[in-house]
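The values are calculated or read from the model by the stated rules, or taken from the named source; none is laboratory data. Computed from a predicted model, the values in this text were never measured in an experiment. Using ideal geometry, Cβ is built from the backbone for each residue, glycine included, and neighbour counts are taken over all protein chains shown.
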Amino acid sequence: MPAYSLHCPDNDSSMCGSADKLFLSGVPICLACGFKTDLYFINSEFRVKRRIYDLSATHDGYYIASLKFKEACNRLDLHGLEFLPLPSDPEFFVVKPIAITRFDFKSRKTRFEGLCSNCNQCRAVAGATPVFLLAEPESDLSGTDIVFGSGNSRSRVILASEHVKTSLQAEGLKGLEFQAVAHNKRFKPFAALTRDRLKPAP
């Protein structure tokens with residue numbers, strides 16, 4: 001079954017800072033490497049600057065969905081994502097994948113640099129696209145098990161099924177770009193994942 005990585009434009013915003021520097025106090029950090037440890041920490045004062053897109057990304061790796069995107073996923077019964085509310089911007093949400101798909105980092109030749117022995121995060125992980133997977137995504141929408149990016153700017157790649165691609169494109173949502181996933185020769189499809197098997201990602 002075809003699968004796609006889901007991409008979007010930047011919204012000219014930052015949730016917590018940049019790859020190298022945090023401008024917000026109270027963000028959980030590793031005492032050894034100094035980088036943020038909570039992928040989905042939310043700045044309570046954050047507001048989206050460029051508001052024309054239904055799916056966009058911050059400079060520090062957060063996917064941001066509009067209320068229209070969230071409502072479309074709910075109405076179309078698309079599963080695999082959690083939408084975290086923004087206290088100061090109720091029209092938008094942080095996107096958190098709760099279904100996880102294994103990424104084939106060996107075939108993709110993904111590069112891991114500067115592993116921290118304290119928090120087990122890498123300073124930088126490069127080589128996300130085109131996406132190589134070890135298994136077919138088991139949910140309509142999911143995220144890769146590998147977190148890509150550098151420093152404080154890191155995120156999972158969001159994955160979508162053919163059904164999601166067709167359905168969301170028909171909604172006329174702005175900012176969505178789908179790129180076909182490259183499966184390798186070891187790819188073995190799994191049975192569809194039922195809703196009660198979904199567990200929140202760490």
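On the given criteria, is PRO90 in contact with a Phe, Trp or Tyr (Cβ under 8 Å, 6 or more places away or on another chain), over 22 Å from THR144 (Cβ atoms) and either at pLDDT 95 or above or among the charged types (D, E, K, R) (or both)? Answer is no for this residue. Kindly establish whether SER117 is closer than 23 Å to ILE64 by Cα, modelled with pLDDT of 95 or more and hydroxyl-bearing (Ser, Thr, Tyr). So SER117 fails the test. Would you check if there is a residue in the stretch 142-153 being among the aliphatic types (A, V, I, L, M), assigned to a strand (DSSP E or B) and either in contact (Cβ under 8 Å) with a residue 60 or more places away in the chain or under 25 Å from LYS70 (Cβ atoms) (or both)? Checked the stretch 142-153: at least one residue is among the aliphatic types (A, V, I, L, M), assigned to a strand (DSSP E or B) and either in contact (Cβ under 8 Å) with a residue 60 or more places away in the chain or under 25 Å from LYS70 (Cβ atoms) (or both). Would you confirm, using the coordinates I've provided, whether LYS96 is within 19 Å of ASP10 (Cα to Cα) and in contact with a strand residue (DSSP E or B) (Cβ under 9 Å, 6 or more places away or on another chain)? Taking the combined requirement at face value, the residue satisfies it.
Take the residues in the stretch 91-131 that are within 14 Å of the chain's Cα centre (by Cα) and in a loop (DSSP other than H, G, I, E, B); name whichever of them is farthest from TYR4 (Cα to Cα). Within the stretch 91-131, the match that is farthest from TYR4 (Cα to Cα) is ILE98. Annotation note: of THR101, THR37, the sole residue that is among the polar types (S, T, N, Q) and more than 19 Å from GLU177 (Cβ to Cβ) is THR37. For the stretch 18-26, the criterion of a residue being over 22 Å from VAL157 (Cα atoms), aliphatic (A, V, I, L, M) and crowded, with 17+ Cβ neighbours inside 10 Å is satisfied by at least one position. May I ask you to say which residue of ALA99, ALA32, ALA3 is among the aliphatic types (A, V, I, L, M), at pLDDT 95 or above and touching an Asp or Glu at 6+ places or on another chain (Cβ under 8 Å)? Unique residue meeting the criteria: ALA99.
When ARG123, ARG111 are checked against the criterion of being touching a residue at least 24 places away in the same chain (Cβ under 8 Å), within 24 Å of ALA19 (Cβ to Cβ), out of contact with any Lys or Arg (no Cβ under 8 Å at 6 or more places or on another chain) and not aliphatic (A, V, I, L, M), ARG123 stands alone in meeting it.
Only one of the numbered conditions (1) surrounded by fewer than 21 Cβ atoms within 10 Å (Cβ to Cβ); (2) on the phi > 0 side of the Ramachandran plot; (3) touching a strand residue (DSSP E or B) at 6+ places or on another chain (Cβ under 7 Å) is not met by GLY34, and that is (3). Search the stretch 73-90 for residues being outside any strand (DSSP E or B) and among the hydrophobic types (A, V, I, L, M, F, W, C), and hand back the single one that is surrounded by the fewest Cβ atoms within 10 Å (Cβ to Cβ). Going through the qualifying residues, I end up with LEU76.
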